[in-house]
Amino acid sequence: MVTFTFYGGVNEIGGNKILLDDRGTKVFLDFGMSFSRRGKYFEEFLNPRTANGIGDFLEMGLLPDIPGIYRTDLLTHLGRKPEEPVVSGVLLSHAHADHANYISFLHKDIPIYCGETCKRILDAVAEQSTRDLENEVVDFRLRPLHRSQYKIPPVIRKFHTFTTGKTVRIDSLEIQPLHVDHSVPGAYGFIIYTSEGALIYTGDLRMHGLHADMTDDFVSAAIQSRPVAMITEGTRIDKKRTNESEKKIYQDSKKKIHQCKTLSLVDFNFKDVDRFTTFYTIAKDLGKTLVINFKHACFLEQYHRDKKLKVPPVTDPSLALLKPKRLTGTYKDEDYVDAYIKKRLDYKNILTAADITKNPFKYMVVLNFWYFSDLIDLQPKKGVYIHSLSEPFNEEMEISYERMRNWLTHFDIEFFQSHCSGHINGDDLKELITTVHPKTLYPIHTEHPQLFKNLKGKITRVKEGKTYKL
Ligand SMILES: [Zn+2]
């Protein structure tokens, strides 16, 4: 008998946690955090308490309270008995937080199966972020963390990596991971050969990106498997097909930057290697230097090691690193305590804001809103700011957005929006579903499950915590 239970990703964008059970072999499909659910109770200065370990997450429903999956140290801290793991692994579709981050809470003996590139990204995330309970995917510190235990090294989680088309075996289950195009490299959809037939899990994907052919590969294999069921993402089921594309971003942004007589600023998510390549290419084509920060360098170095991604080394002549102002503000080596900065201080292409202000026209600085205080040093009067991220879709983002616009007005910087989504639009998705033709469809990762209703075949609107039989 095959069953699956949805513990997250239901009527919300992300937070996917699906427990699949085939004759006793249990596997999670993703184990992500849900931003919307977290945002229902928590905000910037009100966070789940590390001091209460897993307790706050269970109480507020950020994690499902199911036996045999969580870390021994966290259960003990909560006053519960430790539990042997009952799950044989997590099949992780890609490295976005809403699919990966709550792996942080899982038992150390539950191995993670993910793409090679996905693991590299998780390593880059771990290198440049501050450790906290929600961000311990690749390794974790035993809690509670007493001062006397600071020297005890973290527990390293077990990872098994794969590439596209290779078969993965988890106990009695055979799984075929297939690459898909998404706004992060190393993203996969899965064909899971259960005892009741093939089950498809899309993860997150799209048809309008640079690598639509990868999604095509997935779709072809999915058709051939004659699926009995498909669990699909539906982030943008309410959106029509448009002319959005990576190429359009290249063309529009290049034009804007070319017209700019002084400093150009660009903002995009560094997990999106295609977007990096777009702006890197613009910089090269216009004879400019793309200036990144030390956090970006952690990602870039991981990408560069992955030959398939064709990303330049950090030492590339069209790239430079912006040295942040820390502690004394005098750029002395001792000002830098973060390991990811310290180990890179001897790089030859490090610049300060003062170097850039001498010849601002020569540079394109990658600058996120959270680092906008750097504008005070960069003095980008009459510059351009390319916002290559999604537009605000909730109240909190609106407030930050307005603040961002105030900064731009203050420095007389032109704002330019240029972005394309990581998710498939409604038209393409309906076409994909019709082509794959699963017997039953389970839409998740969507705030509009009702919009799937007019498709052919059986459509099941899933309920959280409910178990479905294949
Ligand atoms: Zn994603």
Rough spin-label spacing in nm, given labels placed 7 Å along Cα→Cβ, for L46 and R169: 5.1 nm
Calculated from backbone phi, Karplus (6.51, -1.76, 1.60) coupling profile of segment 448-461 in Hz, x at Gly/Pro: 10, x, 5, 6, 8, 5, 8, 7, 6, x, 7, 10, 10, 7
Three-way shape call for segment 52-129 based on the alpha-carbon gyration tensor, with the a/c threshold at 1.5: prolate
Derived scalar couplings ³J(HN,Hα) [segment 349-356; Karplus, 6.51 cos²θ - 1.76 cosθ + 1.60; whole Hz; x for Gly, Pro]: 9, 8, 10, 10, 4, 4, 4, 6
Estimated FRET transfer efficiency (N406, S148; beta-carbon r; R0 35 Å; 0.05): 0.15
Sulfur and carbon atoms: percent of accessible area, segment 1-128 [1.4 Å]: 51 percent
Carbon plus sulfur fraction of accessible area for segment 307-368, probe 1.4 Å, in percent: 58 percent
Heavy-atom accessible area ranking, 1.4 Å probe, most first, across D316, D30, D216: D216, D316, D30
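Between K381 and T130, what is 0.36 nm times their sequence separation minus the Cα-Cα distance? Round to one decimal in nm.
Once the chain is fully extended between K381 and T130, it gains 87.0 nm.
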Cα-centred dipole magnitude for segment 42-101, charges only on beta-carbon of K, R (+1) and D, E (-1), debye, nearest 20: 220 debye
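What full-extension length gain, to one decimal in nm, is calculated for R141 and L286 as 0.36 nm per residue of separation minus the Cα-Cα distance?
Here the answer is 47.6 nm.
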Added length on full extension, which subtracts the Cα-Cα distance from 0.36 nm per residue, L455 to F35: 148.3 nm
Note, ³J(HN,Hα) from phi for segment 366-382, Karplus 6.51, -1.76, 1.60, rounded to Hz, x at Gly and Pro: 7, 9, 8, 3, 5, 10, 5, 5, 4, 4, 5, 7, 7, 6, x, 3, 6
Span from the segment 223-239 Cα centroid across to the segment 43-117 one, whole angstrom: 27 Å
Nitroxide proxy distance, nm - points 7 Å out along Cα→Cβ at T352 and S390: 4.0 nm
Sum of -39500 (n - 2.57) over DSSP H runs of 4+, divided by residues of the chain (222 nm, nearest 500): -7500 deg cm²/dmol
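Please give the charge dipole size of the chain, origin at the Cα centre, charges +1 on K and R Cβ atoms and -1 on D and E Cβ atoms. Round to the nearest 20 debye.
It works out to roughly 520 debye.
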Highest to lowest packing among 201-214, 345-358, scored as the average C-beta count within 10 Å: 201-214, 345-358
In range of the label at M1: residues from segment 181-198 whose backbone nitrogen is under 15 Å from the point 7 Å along Cα→Cβ: 195-196
Separation in nanometres of the label points that stand 7 Å from Cα toward Cβ, at T467 and E447: 3.3 nm
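Might you tell me the accessible area per residue for the chain, computed with a 1.4 Å probe and given in Å²?
Ligands and nucleic acids excluded, the figure is 45 Å² per residue.
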Shape call, segment 1-143: gyration tensor on alpha carbons, a/c limit 1.5: rounded
Cα shape, segment 233-299, gyration tensor, a/c 1.5 rule: oblate
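Which of the trypsin sites (Lys or Arg not before Pro) across segment 41-126 are loop residues per DSSP, with 15 or fewer other Cβ within 10 Å?
Those satisfying the criteria are R49, R80.
The values are calculated or read from the model by the stated rules, or taken from the named source; none is laboratory data. What you see is a predicted model; the values in this text were computed from it and never measured. Cβ atoms come from the backbone with ideal geometry, glycine included; neighbour counts cover every protein chain shown. Note: accessible area is taken over every heavy atom of the protein model, side chains too, but ligands, DNA and RNA are not part of it. Shrake-Rupley method; radii C 1.70, N 1.55, O 1.52, S 1.80 Å.
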